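Okay, so here's the structure we're looking at.
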Amino acid sequence: MHFDLTPEQQALRHAAREFMRRECPPEVTRQAIAEGRHSDKLWRRMAELGWLGVAIDERYGGSGGDILDMAILMEELSRGEPAIGPYFNTVCFGGKSIGFFGNPAQKEFFLPRITRGDCVFALSITEPGGGTDVLGAMQTRAERNGDGWVLNGAKMFTSAAQQADYLLVVARTERRVAKPAQGITLFIVPKGSPGVTIRKIDTIVPIEDTNAVFYDGVRLPADAVLGEEGRGFYQLLATLNNERILGGAAALGCGVAAYEAALEYARQRTAFGKIIGQLQAIQHYLADMATELDAARLMVHRAAWLQSQGRECGAEATMAKMYAADVAVRACDRAIQIHGGMGLTNEVEVSRYWRLARLWQIGPITNEQCRNIIAQLRCELPRSY
């Protein structure tokens with residue numbers, strides 16, 4: 001078994017780490033938080049480096065990489081959220097969904113624009129009061145109107161909606177179906193369409209924007225449908241492993257950033273006549289953090305490798321997301337503890353890393369639901385939901 005990254009992947013990781021150190025230091029991130037939007041300069045630089053098209057086919061200007069390449073980038077870039085912009089939504093949902101299911105015209109139009117940094121996507125899926133229960137709560141509907149569609153409904157927690165150019169909307173198009181997963185269709189909706197209203201939701205998480213989005217009689221042409229009509233939910237399932245792998249990688253990046261900050265602090269801070277890194281309690285914290293983060297990375301990379309080989313990895317991807325999120329939150333919590341009172345201030349970054357990591361225990365799927373899925377897929381127990 002080989003656990004080493006390829007020379008190209010090692011170079012990618014090094015380049016991303018240096019990029020974050022050089023071009024996205026903490027003061028840039030703080031400015032993005034204060035302004036409530038990501039850095040256009042950083043977004044353009046990532047496009048120039050080819051990172052927005054890392055997993056897009058070379059025919060459309062991408063580099064044709066796989067999910068492991070995306071995970072490597074996601075781990076390194078996540079510490080700079082929200083300054084880096086809506087990478088997760090645009091690359092995972094926009095690029096991958098269109099790459100998988102778009103018709104030739106959609107691929108020719110959208111994929112080169114995503115690669116160049118000219119097109120930002122947001123996924124609009126969660127229903128008010130629905131949370132993870134997407135199908136049970138689905139009230140957003142699209143009905144035929146002549147050659148096109150009329151969309152009505154509301155969505156919650158649509159990240160990056162205010163800065164997106166397009167919303168990938170999940171809506172019911174058939175009322176009478178044998179299974180709830182049937183009759184769901186994906187639509188590509190221009191954000192500026194008449195009838196689209198976006199309202200910001202204030203959260204403790206320092207991401208660029210999370211929103212409620214309302215669709216009131218939004219008229220869409222026939223070619224707004226992505227993929228096959230009525231098969232939208234099944235199409236989303238094809239991207240869920242990618243979503244969970246990248247969610248795990250993003251959480252891992254927050255945990256690693258907190259660990260590195262705590263380690264540096266432990267080497268410099270003195271108390272009782274010695275650096276606190278000499279104290280056994282601090283050493284044990286840091287040893288646990290290093291061990292758990294390494295284990296989480298192995299799980300994320302294993303799931304990514306399986307996915308890139310075209311092998312079944314539903315359980316592995318779900319495990320990786322769940323475990324990486326839990327480990328990251330523990331690492332951030334310990335980093336705050338190591339910093340003491342300073343850890344609760346905005347003068348250091350560890351509390352921000354905690355808030356970012358805490359997000360991944362809830363989204364894009366709760367860790368409780370992850371455990372339900374793992375029990376079903378790996379333990380072969382009856383479905384509990």
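The values are calculated or read from the model by the stated rules, or taken from the named source; none is laboratory data. Remember, predicted model here, so these are calculated numbers, not experimental data. Cβ placement follows ideal geometry from the backbone for every residue including glycine, while neighbour counts extend to all protein chains displayed.
Does residue 80 meet the test of being of a type in the set (Gly, Ala, Ser), farther than 27 Å from residue 210 by Cβ and assigned by TED's automatic domain parsing to the domain that holds residue 108? No; evaluated as a whole, the condition is false for this residue.
Every residue, every condition in (1) surrounded by 23 or more Cβ atoms within 10 Å (Cβ to Cβ); (2) assigned to a helix (DSSP H, G or I); (3) at pLDDT 95 or above, yes or no:
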residue	(1), (2), (3)
240	no, yes, no
252	yes, yes, yes
260	no, yes, yes
266	no, yes, yes
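Selection of first residues in segment 61-89 that are within 15 Å of residue 328 (Cβ to Cβ) and of second residues that are among the acidic types (Asp, Glu) and part of a loop (DSSP other than H, G, I, E, B), restricted to Cβ pairs under 8 Å at least 6 apart or on distinct chains, gives the following pairs, ordered by first then second residue: 81/208. So, of the residues in segment 46-62 that are at pLDDT 90 or above and under 15 Å from residue 308 (Cα atoms), which turns out to be farthest from the chain's Cα centre (by Cα)? For segment 46-62, the residue satisfying everything is 57. Among the residues of segment 196-237, the ones that are out of contact with any Phe, Trp or Tyr (no Cβ under 6 Å at 6 or more places or on another chain) and outside any strand (DSSP E or B) come to 20 in all. The residues of segment 350-375 that are free of Cβ contacts under 8 Å to residues at least 12 places away in the same chain and of a type in the set (A, V, I, L, M, F, W, C), listed by number, are 362, 375.
Residue 369 fulfils the conditions (1) surrounded by fewer than 19 Cβ atoms within 10 Å (Cβ to Cβ); (2) closer than 25 Å to residue 203 by Cβ; (3) touching a strand residue (DSSP E or B) at 6+ places or on another chain (Cβ under 9 Å) except for a single criterion, (3).
When the residues of segment 268-287 are narrowed to those that are β-branched (Val, Ile, Thr) and part of a helix (DSSP H, G or I), which ends up nearest to residue 66 (Cα to Cα)? For segment 268-287, the residue satisfying everything is 282. Across segment 9-30, not a single residue is classified as farther than 25 Å from residue 328 by Cα and without any contact (Cβ under 8 Å) to a residue 12 or more places away in the chain. Screening residue 314 against (1) at pLDDT 95 or above; (2) surrounded by 15 or more Cβ atoms within 10 Å (Cβ to Cβ) leaves a single unmet condition, (1). Within segment 249-275, being out of contact with any helix residue (DSSP H, G or I) (no Cβ under 7 Å at 6 or more places or on another chain) and among the small types (Gly, Ala, Ser) holds for 271, 273. Of all the residues in segment 99-129, those that are touching a strand residue (DSSP E or B) at 6+ places or on another chain (Cβ under 9 Å), part of a helix (DSSP H, G or I) and either small (Gly, Ala, Ser) or buried (at least 20 other Cβ atoms within 10 Å of the Cβ) (or both) number 3. Quick one: is residue 171 modelled with pLDDT of 90 or more, farther than 30 Å from residue 31 by Cα and in contact with a Phe, Trp or Tyr (Cβ under 7 Å, 6 or more places away or on another chain)? Spelling it out, residue 171 is indeed modelled with pLDDT of 90 or more, farther than 30 Å from residue 31 by Cα and in contact with a Phe, Trp or Tyr (Cβ under 7 Å, 6 or more places away or on another chain). Apart from one condition, residue 132 fits all of (1) closer than 15 Å to residue 56 by Cα; (2) in contact with a helix residue (DSSP H, G or I) (Cβ under 6 Å, 6 or more places away or on another chain); the exception is (1).
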